[in-house]
1. Find all pairs meeting these conditions: Cβ atoms under 7 angstrom apart; at least six residues apart or on different chains; first residue within the range A:70-91 and closer than 13 Å to residue A:11 by Cα; second residue in a loop (DSSP other than H, G, I, E, B).
2. Just a yes or no: is a residue in the range B:79-91 over 29 Å from residue A:39 (Cβ atoms) and surrounded by 13 or more Cβ atoms within 10 Å (Cβ to Cβ)?
3. If you check residue B:66 against the conditions, is it within 22 Å of residue A:104 (Cβ to Cβ) and surrounded by 13 or more Cβ atoms within 10 Å (Cβ to Cβ)?
4. Of the residues A:44, A:11, A:21, only one is touching a strand residue (DSSP E or B) at 6+ places or on another chain (Cβ under 7 Å) and within 12 Å of another protein chain (Cβ to nearest Cβ); which?
5. With the structure loaded, tell me whether residue A:73 is farther than 25 Å from residue B:35 by Cβ and either more than 14 Å from chain B (Cβ to nearest Cβ) or touching a helix residue (DSSP H, G or I) at 6+ places or on another chain (Cβ under 8 Å) (or both) or whether it fails that test.
6. Which residues, counting only those in the range A:65-104, are crowded, with 22+ Cβ neighbours inside 10 Å and farther than 11 Å from residue A:33 by Cα?
7. For the range A:83-94, which positions are over 12 Å from the mean Cα position of the chain (by Cα) and either at pLDDT 95 or above or at the interface with chain B (Cβ under 10 Å from one of its Cβ atoms) (or both)?
């Protein structure tokens, strides 16, 4: 069966520091991968998605970036965090093709001080 | 622009009764619709989905209804149980890769 791992679960970072969140998927090949952010009291905002190694689509202009160095690895990064980057970050995967649901990791709670 | 809307931020239902969660969308190109359940500090869990070629899909206590002409879908939970208390998100996609989520409805099932 497929599993998704996302870490760390919680992170407290000072403003201006770098960020690296990692997500890996097991038990499937060539999945679509996604990064979402949920701000307090808000819905899920799509940040990036990838349909293959090295292929990244960005949905929202921001100081975040994403990379997919391996088929089942998706990384969310920032060179300098802002206060507004605080939130709950979620990684998701899905089998490519029509009518396939996304499956989410347990998320990372990021607090910027 | 919010393409998927959940206009009720919260809903309270007595245990054993029916819970009805609603969702509206604006994009007529959406062809796949989903419901997710989310507990605090956890990722959303996929519950049930429906393709635009259907108007109803059932899985145990959960049924999703799709009204394409009204651009409306709903999730029915019967009977509601205290463990169903969570935030429910609806989502939609057009041709697969990108998914659009509503802002969620917090369901409380009162024992």
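1. Listed by first residue and then by second, the contacts come to A:81/A:15; A:81/A:16; A:81/A:17; A:87/A:39; A:88/A:107; A:89/A:107.
2. yes
3. Here the answer is no, as residue B:66 does not meet what is asked.
4. A:44
5. Criteria met by residue A:73.
6. Residues satisfying the conditions are A:76, A:89.
7. Listed by number, the list holds a single entry, A:94.
This table checks each residue for (1) closer than 30 Å to residue B:10 by Cβ; (2) under 11 Å from the mean Cα position of the chain (by Cα); (3) within 12 Å of chain B (Cβ to nearest Cβ).
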position: A:6; (1), (2), (3): yes, yes, yes
position: A:33; (1), (2), (3): no, yes, yes
position: A:37; (1), (2), (3): yes, yes, yes
position: A:78; (1), (2), (3): no, no, no
position: A:103; (1), (2), (3): yes, no, yes
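The values are calculated or read from the model by the stated rules, or taken from the named source; none is laboratory data. Fair warning: this is a prediction, and the values are worked out from it, not measured in the lab. Note that we place each Cβ from the backbone using ideal geometry, even for glycine, and neighbour counts take in every protein chain shown.
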